[in-house]
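**Student:** First the structure, which I've put down as structure tokens, then a few questions once you've had a look.
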Amino acid sequence: MATRLSMLALPLLILTPLGAQDDILDTGPMSLIIQYHCAPAFRPQLRQAITGSRFETFERARTNGILSGYRVLFNRYADTDHWDMLALLSFRKYDEVVRWRAVEERVLGALPAEGIAQGITAIESYPADLVREKAPAAAPDHPVYLAIPSRISAPAEYFLHFLDGWERPQLDAWAEEGILAGYSFYMQRYPAGRPWDSLAVLEYKDDLSLGACEKTAAKVRKALQSDQAWQRWDADTGNTRVEQAAVIADEIGSSR
């Protein structure tokens with residue numbers, strides 16, 4: 001991850017020290033993000049096999065105390081340049097991350113059903129830290145997800161302040177407007193040579209909510225123009241991170 005702090009146009013703010021919960025380097029990364037790619041013709045079989053297996057590998061790991069939770073998303077559209085399925089895994093302690101190694105040794109990519117691997121063309125695993133999260137007050141009946149990877153061009157501590165000062169005020173306002181149920185931000189721990197540094201996972205309440213996101217975003221941004229602190233962060237977005245192509249996805253399984 002880049003550390004070009006001296007090159008950034010820093011907002012005129014005093015950055016307070018991060019709290020203990022932000023000392024992510026005190027332990028190993030306690031989230032794992034797995035991206036699965038498959039041949040386009042295999043997409044229906046992959047989805048059916050995964051859901052038909054009732055996510056047995058992930059469920060067994062959770063029952064055994066290895067995983068604290070999981071969420072599995074499926075790309076709504078066939079898209080050669082992006083993943084078809086995404087697994088977001090969380091652990092309570094780094095010791096449990098180490099135990100996960102035994103699962104990977106037995107089952108390729110933790111795929112829970114025999115024969116699924118035949119149609120898989122690539123698997124990418126990203127040890128990561130869940131750095132910010134707003135959990136839904138109640139799980140929506142038909143959530144729609146937008147997964148947005150980004151390249152970070154600032155130090156990690158600065159990026160976390162950017163999330164708090166610029167990103168979260170907007171997303172929290174979207175939630176108040178009734179379109180967003182929750183969100184999660186992950187930072188990859190070992191980004192060298194990898195295509196992204198941060199992953200935002202936005203959970204919209206339904207398809208109509210996703211469709212209203214541009215109109216809602218414009219309304220919220222207009223209201224935030226009176227917030228001088230937010231304006232300073234807004235002026236620095238290009239120096240902090242560059243968003244990459246987003247994926248629209250549906251949740252096909254989770255531990256919640």
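The values are calculated or read from the model by the stated rules, or taken from the named source; none is laboratory data. This is a predicted model, so every value here is computed, not measured. Please note: Cβ atoms are built from the backbone with ideal geometry, for glycine as well, and neighbour counts cover all protein chains shown.
**Student:** Condition (residue is free of Cβ contacts under 8 Å to residues at least 60 places away in the same chain, among the aromatic types (Phe, Trp, Tyr) and buried (at least 18 other Cβ atoms within 10 Å of the Cβ)) applied to the stretch 184-194: is it met by at least one residue?
**Tutor:** yes
**Student:** Right, another one. Which of (1) touching a strand residue (DSSP E or B) at 6+ places or on another chain (Cβ under 9 Å); (2) modelled with pLDDT of 95 or more; (3) in a loop (DSSP other than H, G, I, E, B); (4) over 17 Å from residue 145 (Cα atoms) does residue 54 not meet, given it meets every other one?
**Tutor:** (2)
**Student:** Just the residues that are at pLDDT below 70 and exposed (fewer than 15 other Cβ atoms within 10 Å of the Cβ), please, taken from the stretch 19-51.
**Tutor:** Answer for the stretch 19-51, where residues must be at pLDDT below 70 and exposed (fewer than 15 other Cβ atoms within 10 Å of the Cβ): 19, 20, 21, 23.
**Student:** Let me ask you something else. Given the stretch 201-248, what helices (runs of 4 or more DSSP H) lie entirely inside it while holding 3 or more residues that are among the hydrophobic types (A, V, I, L, M, F, W, C) and surrounded by 14 or more Cβ atoms within 10 Å (Cβ to Cβ)?
**Tutor:** 213-224, 228-234
**Student:** Okay, moving on. Go through the stretch 127-137 and report how many residues are more than 18 Å from residue 207 (Cβ to Cβ) and either β-branched (Val, Ile, Thr) or assigned to a loop (DSSP other than H, G, I, E, B) (or both). Explain how you work it out, then say what you get.
**Tutor:** Looking only at the stretch 127-137, we keep the residues that are more than 18 Å from residue 207 (Cβ to Cβ), and these are 127-135, 137.
Now narrow it down to the ones that are either β-branched (Val, Ile, Thr) or assigned to a loop (DSSP other than H, G, I, E, B) (or both): 131, 135, 137.
Residues flagged as more than 18 Å from residue 207 (Cβ to Cβ) and either β-branched (Val, Ile, Thr) or assigned to a loop (DSSP other than H, G, I, E, B) (or both) within the stretch 127-137 amount to 3.
**Student:** A further question follows. Take residue 71 and decide whether it is under 25 Å from residue 130 (Cα atoms), in a strand (DSSP E or B) and either modelled with pLDDT of 95 or more or touching an Asp or Glu at 6+ places or on another chain (Cβ under 9 Å) (or both).
**Tutor:** yes
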